[in-house]
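Below is one structure, written out as structure tokens; comments come after it.
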Amino acid sequence: MSRLIRIRALATALVIAISAVASPIAMAQQTQPVAEKAAAPAEGTTKETVDNPYGLDALWKGGDAVAKGTLAILVIMSAGSWFIIFTKLYEQSKLARQSKKANETFWAAGGVEQAIESLDTSSAFHYIAKSGAEATAHHRGLLGYIDLNDWIQLSIHRSIENVQSRLQDGLAFLGTVGSTAPFVGLFGTVWGIYHALTAIGIAGQASIDKVAGPVGESLIMTAIGLAVAVPAVLGYNWLVRRNKAALEDVRTFGNELHAVLLGAAASRISDSSPKVVHTIRAISV
């Protein structure tokens, strides 16, 4: 009898042990599908974050004529600014090469005409030297009432001003873009926010996802305006400083040319004076 009781107690303990081992396994099997189902929305949420429905492409496709026109104006401003920056850099580098060549060849020539011919015809220094030489040669008629010194100086100064005006072409556009591009972008932002809020009011949905998306999309215009304005302002200041350095070389060349032309004119006058005296003496005899 006691033996039977011990067998039953042993069987009961075995059942309890098997139940204790099987229960966690069953719970794990039941929890795994739930965890997989819970993980599925997380993966979907990540995909929605990567595939952002709001952006520049959506702004262009969903924008009206005013928004597209504003964006096109900003693109034109940016393209024009970069074109002027690279063009001016090329012109300034070309002027620097011309200045170096003028210093090497012009002052070593035997005469004014030979010095002018040593320069490229497209060079700014050739234009200045040619203007000064022509002013010296055509100092007659009513121009004879003007002092030769003042007349040569006036001609050289006029040609230097023309070179300076040529160097400053396009800088006004850069200044205009730098000062107006942020406001153009701000206008596009205000216009986009207005239409976004109007559409939300008509739909009657004011949740955060309905408001933040269109409003954030409209702020792209302000960012584009700043991206257009900053290079224009920096390029304008940089080119103005480089223009000043280039014009210093041009003015130095003009001052030295002025002195050379005056010396050449005085030399011609002194060479012709003995001939005039000899002619007068021959007539008197």
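Where a number appears in this text, it was derived from the coordinates with a stated rule and is not lab data. Since this is a predicted model, take the numbers as computed values, not measurements. Note that each Cβ is placed from the backbone with ideal geometry, even for glycine, and that neighbours are counted across all protein chains shown.
Structure above, values below:
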{"item": "Two-site label geometry, residue 113 and residue 262: point separation in nm, points 7 Å out along Cα→Cβ", "result": "2.5 nm"}
{"item": "Likely footprinting exposure, 83, 106, fewest C-beta neighbours within 10 Å first", "result": "83, 106"}
{"item": "Label point distance in nm, residue 137-residue 234, each placed 7 Å from Cα along Cα→Cβ", "result": "4.9 nm"}
{"item": "Label point distance in nm, residue 121-residue 103, each placed 7 Å from Cα along Cα→Cβ", "result": "2.8 nm"}
{"item": "Backbone N under 18 Å from the residue 245 label point (7 Å along Cα→Cβ), restricted to the range 81-100", "result": "85-100"}
{"item": "Cα gyration tensor category, rounded, prolate or oblate, for the range 77-159 with a/c compared to 1.5", "result": "oblate"}
{"item": "Label zone at residue 255, where the point sits 7 Å out along the Cα-to-Cβ direction: the range 94-124 residues whose backbone N lies under 17 Å", "result": "103"}
{"item": "FRET E, pair residue 96, residue 197, Förster distance 41 Å, beta-carbon r, rounded to 0.05", "result": "0.15"}
